[in-house]
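Take a look at the structure below.
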Amino acid sequence: MAYSEKVLDHYTNPQNVGTLDKAKQNVGTGLVGAPECGDVMRLQIEVDEASGLIKDAKFKTFGCGSAIASSSLATEWLKGKTVDQALAIDNMDIVEELNLPPVKIHCSVLAEDAIKAAINDYRVKNGLPELVLEQKAH
Amino acid sequence: MELKLPIYLDNNATTPMDPRVLEAMLPYFVEKFGNAASRNHSFGWVAEEAVDYAREQVAKLINADPKEIIFTSGATESDNLALKGVYEMYSSKGNHIITCTTEHKAVLDTCKHLEKQGAEITYLEVQADGLVDLNELEKAIKPETILIAIMYGNNEIGVIQPVKEISKIARKHGVLFFTDGTQAVGKIPVDVQADGIDLMAFSGHKMYGPKGVGALYVRRKNPRVKVTAQMDGGGHERGMRSGTLNVPSLVGFGKACEICMNEMESEAKRLSKMRDRLENALMQLEESYRNGNKEHRLPHTANISFKYVEGEGLMMGFNKDIAVSSGSACTSASLEPSYVLKALGLGDDLAHSSLRFGLGRFTTDEQIDYTIKAVTDTVNKLREMSPLWEMFKEGVDINAIEWAHH
């Protein structure tokens, strides 16, 4: 199976690899997937308290090229968005942008889950109720 | 010597054809095109003579009699013919077959098929190093047992089963012994007499011959073994496999066997030296694990898990330049990691993190140097990107985390 140019590009030059301080009040951390399933994503957002915008996003991913590309793309999209706007990111947007084949759709679902998990972590830390999220099939 | 890319290190999947093999085959397409079963004219005689010669070359490589070689379309067909053919032929004696969990799918799925027909199959677990436990094997034998089917060398981890000991147990209990020799024949000395093999499947394209051609060795003496044909027709191959013989490919298969016969010893030495160098260099990486028994294995195969990086992601770092294979689920449609590695008791995480290197006749030292560097660099790069590596480095117990399985 050949990879799309965009997957290859994110794999070769991943954006926003790294770690934010998860102890900080304005940092939300989402850790999704499982080592047994062959992919684990950790996605973090840092929210600017004054503007409510996501000022930084970082990821680390254990997984195939498509999983790495999906999380790299997600961090790019997150920066500059409000938390509510970030919630609207749909896995199918990632599928479309990266031209993921059907067997790799679960990578995009995982990225969406990671975004939502990070947002929920941020909400809980800041006294907001946890969002109940619909489960997408992996 | 200038390094030519891409590098092929997936010789357990298939081997390139040796140019000497192609040369031997060429006259048999256009000029000498006869049907080996045409007994009444020179076109047929020429083809028959070529097939007879190939049969001798093939038989010689495994120390068999040419009459004991049944030509087939490859090892999958040979596996099917051996298992189904013995099951049908010996049904009055019993219905029980013993095999093991690390066999190739051509054996395992054929066994599953036979189960539906009324066979009872014992799937022996292997030990952590990939070898079958001989005591367990002997214990599994019962009065209904007609066949033991244990492979010679494993395609994923290269482990060589104790074939001589297995055949002794089979003999002692009057049970036939079939082995899938696909990865072993032509790579290491395989001797059906010394090894006590009753039936053996093997294939042309794993030993620098053409694809679509293989053989089933069927013992004719002590004991005389018979299999029920699975392909009916003109009664070719002593009635055990009908179908017009693929003369050019058989000529190539014969030539490939002859070359292996002559060069196997020096080639195995050369390859195991290169393989060890590759393996030792990659085992220098922290948290890398060799899969399978280190002593009893094929000279050209290495299988290593690089913990905390995922196999397909890892291959992507260099698969433009280097062809290897992974036990990662992402490379399979099923999303299940390698059942062979799991049978060794590896956790899914290590099975997902594995690479298989299959060296071959045309592998060079320069290619090995290049591969060591590319794999090392990619492992390091991906670990920097891996949340699991970060946790490991911080001393977090990854197994203690409640992962959301999906």
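Structural remarks
- Residues of the range B:215-229 that turn out to be under 15 Å from B:Tyr90 (Cβ atoms) and not hydroxyl-bearing (Ser, Thr, Tyr), as a count: 8
- Test: A:Gly63 is open to solvent by less than 20 Å² (accessible area, probe 1.4 Å), at the interface with another protein chain (Cβ under 9 Å from one of its Cβ atoms) and either under 30 Å from B:Lys393 (Cβ atoms) or at pLDDT below 95 (or both): yes
- In the range A:79-90, residue modelled with the lowest pLDDT [restricted to those that are in a helix (DSSP H, G or I) and over 13 Å from the mean Cα position of the chain (by Cα)]: A:Asp84
- Filter result for the condition that a residue is under 20 Å from B:Glu310 (Cα atoms) and out of contact with any Ser or Thr (no Cβ under 7 Å at 6 or more places or on another chain), over A:Ser71, A:Ser66: A:Ser66
- Put simply, of B:Gly186, B:Gly212 the only residue that is at pLDDT 95 or above and touching a Cys at 6+ places or on another chain (Cβ under 6 Å) is B:Gly186.
- Residues of the range A:34-50 that turn out to be facing another protein chain (nearest Cβ under 7 Å), in a strand (DSSP E or B) and either modelled with pLDDT of 95 or more or surrounded by 24 or more Cβ atoms within 10 Å (Cβ to Cβ) (or both), as a count: 3
- Residues (under 21 Å from the mean Cα position of the chain (by Cα) and part of a loop (DSSP other than H, G, I, E, B)) located in the range B:352-379: B:Leu359, B:Gly360, B:Arg361, B:Phe362, B:Thr363
- Evaluation of B:Asp180 against the conditions (1) more than 23 Å from B:Leu344 (Cα to Cα); (2) buried (at least 24 other Cβ atoms within 10 Å of the Cβ); (3) of a type in the set (Asp, Glu) shows that the sole unmet condition is (1).
- Qualifying positions in the range B:69-82 - open to solvent by 10 Å² or more (accessible area, probe 1.4 Å), assigned to a helix (DSSP H, G or I) and more than 10 Å from B:Thr110 (Cβ to Cβ): B:Ala75, B:Glu77
- Residues located in the range A:96-116, provided they are farther than 18 Å from A:Glu76 by Cβ and open to solvent by 30 Å² or more (accessible area, probe 1.4 Å): A:Pro101, A:Pro102, A:Val103, A:Ile105
- Subset of the range A:34-48 that is of a type in the set (Asp, Glu) and touching a residue at least 12 places away in the same chain (Cβ under 8 Å) - its residue that is nearest to B:Pro387 (Cα to Cα): A:Asp39
- Conditions (1) touching a residue at least 12 places away in the same chain (Cβ under 8 Å); (2) open to solvent by 60 Å² or more (accessible area, probe 1.4 Å); number of the one not met by B:Lys393: (1)
- Just one of the numbered conditions (1) touching a residue at least 24 places away in the same chain (Cβ under 8 Å); (2) part of a loop (DSSP other than H, G, I, E, B); (3) open to solvent by 10 Å² or more (accessible area, probe 1.4 Å); (4) of a type outside the set (Val, Ile, Thr) is not true of B:Glu336: (1).
- Positions within the range A:51-60 being of a type outside the set (A, V, I, L, M) and either within 11 Å of another protein chain (Cβ to nearest Cβ) or part of a strand (DSSP E or B) (or both), in sequence order: A:Lys55, A:Asp56, A:Lys58, A:Phe59, A:Lys60
- Some residue of the range B:357-365 being β-branched (Val, Ile, Thr), farther than 29 Å from B:Glu103 by Cα and more than 8 Å from chain A (Cβ to nearest Cβ): yes
- Residues located in the range B:290-319, provided they are within 14 Å of chain A (Cβ to nearest Cβ) and touching a Leu at 6+ places or on another chain (Cβ under 9 Å): B:Ser305, B:Phe306, B:Lys307, B:Tyr308, B:Val309, B:Glu310, B:Gly311, B:Gly313, B:Leu314, B:Met315, B:Met316, B:Gly317
- Lone unmet requirement of (1) at positive phi; (2) buried (at least 20 other Cβ atoms within 10 Å of the Cβ) for B:Ser305: (1)
Yes or no, residue by residue, for (1) at pLDDT 95 or above; (2) assigned to a helix (DSSP H, G or I); (3) open to solvent by 20 Å² or more (accessible area, probe 1.4 Å):
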| site | (1), (2), (3) |
| --- | --- |
| B:Lys273 | yes, yes, yes |
| B:Arg277 | yes, yes, yes |
| B:Gly313 | no, yes, no |
| B:Leu350 | no, yes, yes |
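- Some residue of the range A:105-112 being closer than 25 Å to B:Tyr308 by Cα and small (Gly, Ala, Ser): yes
- Annotation: of all residues in the range B:205-249 being among the basic types (Lys, Arg) and under 16 Å from B:Ser73 (Cβ atoms), the one that is surrounded by the most Cβ atoms within 10 Å (Cβ to Cβ) is B:Lys206.
- Just one of the numbered conditions (1) farther than 20 Å from B:Ser272 by Cβ; (2) open to solvent by 60 Å² or more (accessible area, probe 1.4 Å) is not true of B:Phe362: (1).
Okay, residues lined up against (1) assigned to a helix (DSSP H, G or I); (2) free of Cβ contacts under 8 Å to residues at least 24 places away in the same chain:
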residue	(1), (2)
A:Ser71	yes, no
A:Glu76	yes, no
A:Met92	yes, yes
A:Leu100	no, no
A:Lys104	yes, no
A:Cys107	yes, no
A:Asp113	yes, no
A:Arg123	yes, no
A:Pro129	no, yes
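- Among the residues of the range A:1-33, those that are in contact (Cβ under 8 Å) with a residue 60 or more places away in the chain, open to solvent by less than 30 Å² (accessible area, probe 1.4 Å), of a type in the set (A, V, I, L, M) and more than 7 Å from chain B (Cβ to nearest Cβ) comprise A:Val7, A:Val27.
- Subset of the range B:279-302 (residues that are open to solvent by 10 Å² or more (accessible area, probe 1.4 Å), among the charged types (D, E, K, R) and on the phi < 0 side of the Ramachandran plot): B:Glu286, B:Arg290, B:Lys294, B:Glu295, B:Arg297
- Only residues that are open to solvent by 10 Å² or more (accessible area, probe 1.4 Å) and in contact with a Phe, Trp or Tyr (Cβ under 7 Å, 6 or more places away or on another chain) were counted in the range B:51-65, giving 1.
The values are calculated or read from the model by the stated rules, or taken from the named source; none is laboratory data. This one's a predicted model, so the numbers in the text were calculated from it and none came from an experiment. Cβ: placed from backbone, ideal geometry, glycine included. Neighbour counts: every protein chain shown. Quick note on the areas: whole protein, heavy atoms, side chains included, nothing else; ligands and nucleic acids left out. Shrake-Rupley method; radii C 1.70, N 1.55, O 1.52, S 1.80 Å.
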